[in-house]
Each structure stands twice: as C-alpha cells, then as structure tokens.
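The values are calculated or read from the model by the stated rules, or taken from the named source; none is laboratory data. This is a predicted model, so every value here is computed, not measured. Here the Cβ positions follow ideal geometry from the backbone for every residue, glycine too, while neighbour counts run over all protein chains shown. These area figures cover heavy atoms from the full protein model, side chains too; ligands, DNA and RNA do not enter into them. Shrake-Rupley method; radii C 1.70, N 1.55, O 1.52, S 1.80 Å.
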Amino acid sequence: MASDRTNDFGQPIGLSVPDWQPSKHPERIELSGRFCRLVPLDAALHGPDLYKAVAQPTEDHLWTYMFSGPFSTYDDFAGWLAPLAVSQDPLFYTILDAKTGVPVGMASYLRITPAFGSIEVGNIMYAPHLQKTSAATEVMSLMMAYAFDSLGYRRYEWKCDHLNAGSRRAADRLGFAFEGIFRQALVYKGRNRDTAWYAITDQDWPRLRAAYKRWLDPDNFTTDGAQKQSLSHFVYFSDSTI
C-alpha cells in the first residue's frame, strides 16, 4: 500500500493504522450457508465419512500437493486426523453438505497471527463431487467473512505449490491477488516446493463480499443449477460494493 508519509528523519514510513487492536483467534463454531455448513473437525464422528469422501485409493491424486497422504488404510487416515481435531493452529473445520449433513471435505485456518491481523486458509480438501460447485465457493466465502467481518483480520492468505495449477486457478477465480513465488521455500515428500503466494486484504474484501453474494444468489442460477454469470464476472467486472 503506497504511502507518502515520512518520519522526523525524512525516511518514508507506512500508512498509519489508527487505533489498531489485534484480531481475534478463530473459534470452534459453526459457519452456515445455503449449500454447506462448516463445523469443528471431530475425528471420531467425521473420520469414516471423510475417508470415504477424500481418502479412497481412487482419490490418491487429491493428495499430490498436500503435506500428508495418501493413506493406504482407514487406520492410517484416522491416525493422521486425530491430532488435527485438537490443533489450534491449524484450526480445522469439516465441510458438511447442508441437505444431508454428510462430511464432504475439510479446510483450515493456519498461520494465525492476531497481533498483525494476518491469517491463512489452507489444507483444503474437497471430495470430487464437491469440487466446482456452489457449495465449494460458499465454503471459501464463509471462511473469509468470518475472518474479516467477525474477527477483524486485515490480510487473508492463500499459498500453494507453484506447480499446483488447480489451486492457482481457484485463487485467481476467488479474487486473490498474486504476490509472487518464494523459491525453494519448502521440502515435502522428498521434493522441492516453490510456493506461490496470494492474498486478499480488508481493502479488497467489500468488493469481493459483494461479488460472492451476487454469484451465490439463486437468481444467478437456472432451474437446473447452471450459473448464468461466472464468479469471475462479478469479481473482476463489477464495481458494486453491497
């Protein structure tokens, strides 16, 4: 964010953030929408359905860019899932289908830094039938709204392996700004990861909140569920802030 401020020594300094108070840490609460609900991860309760949704051998490709997995047995998956349910950072939520209540995926907040007002979304794992649906977009909009509107964060981050084309397309579609590549940022699964960084700030949020609201509106869909206007249309070509 550009600034023309200088201090008493004539050195340029950042914009003032008057009356700044640290953001709040996200809590284990339910976030509800029309298509989905996010609830705190319960390993024992959600584990079997999550295993069916995202960890069957036919879904091993979903784990290519994740730090863990794939898992050869349910016991292996359950052993991985159990500590995540009590973790504070990352803080995991299970995604439930709003109609059936069945778990269809998971996501988390991480790198939670209330003092600086910065938080990241990650560990996003969608069942194949959840991907590219209204519910998938609603999950992300619910998590952003909680972070910005309820918890007072200034910055909302998205990071991924720069080779993960699907994740990068999703970040672009959702309106995240690309901020660059951190070369040789990590080693995972015995290979290098150059990390692509994206973010949304509280300055961007009112416009994006309006875009999500318009895209998710029932009037934007035909009776058979097809979208009339793409999310990108509202994110990049609408100047409205509801």
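Values computed for the structure shown
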{"item": "Whole-Hz couplings from phi, Karplus 6.51/-1.76/1.60, listed for segment 151-160; x for Gly and Pro", "result": "9, x, 7, 9, 9, 10, 9, 9, 10, 7"}
{"item": "Segment 6-89: relative contact order as a whole-number percent, Cα under 8 Å and 6+ apart", "result": "22 percent"}
{"item": "Size of charge dipole - the chain - debye, nearest 20, with Cβ of Lys, Arg +1 and Asp, Glu -1, no other charges", "result": "320 debye"}
{"item": "Cα-Cα separations in segment 8-54 greater than 11 Å, expressed as whole percent", "result": "81 percent"}
{"item": "Accessible area expressed per residue, segment 70-160, with surrounding protein chains retained (probe 1.4 Å, Å²)", "result": "38 Å²"}
{"item": "Around residue 168: net Lys/Arg minus Asp/Glu count, Cβ-Cβ under 13 Å", "result": "-1"}
{"item": "Segment 1-98: GluC sites (Glu not before Pro) in DSSP coil with no more than 13 other Cβ atoms inside 10 Å", "result": "27, 30"}
{"item": "Per-residue ³J(HN,Hα) for segment 191-202, Karplus 6.51 cos²θ - 1.76 cosθ + 1.60, θ = phi - 60°, Hz, x for Gly and Pro", "result": "9, 6, 10, 8, 9, 8, 9, 9, 7, 10, 10, 5"}
{"item": "Between segment 138-179 and segment 52-129, the alpha-carbon center distance in angstrom", "result": "16 Å"}
{"item": "Check: segment 105-227 dipole with +1 on Lys, Arg Cβ and -1 on Asp, Glu Cβ, in debye", "result": "420 debye"}
{"item": "The chain - Debye-derived log10 I(q)/I(0), Cα point model, q = 0.15 Å⁻¹", "result": "-1.14"}
{"item": "Long-range amide H partners of residue 188 with built H, under 5 Å", "result": "193"}
{"item": "Nonlocal amide H pairs with residue 36, under 5 Å, H built at 1.01 Å", "result": "98"}
{"item": "Segment 16-29 - phi-based ³J(HN,Hα) in whole Hz, Karplus 6.51/-1.76/1.60, Gly and Pro as x", "result": "5, 10, x, 6, 4, 10, x, 5, 9, 6, x, 10, 7, 10"}
{"item": "Approximate spin-label separation residue 194-residue 6, in nm, with each point projected 7 Å along Cα-to-Cβ", "result": "3.9 nm"}
{"item": "Heavy-atom accessible surface of the chain: percent carbon and sulfur, 1.4 Å", "result": "53 percent"}
{"item": "Percentage relative contact order, the chain, counting C-alpha pairs under 8 Å, at least six apart", "result": "15 percent"}
{"item": "Sparse-neighbour loop sites [chymotrypsin sites (Phe, Trp or Tyr not before Pro); segment 53-151; at most 14 other C-beta within 10 Å; DSSP]", "result": "67, 116"}
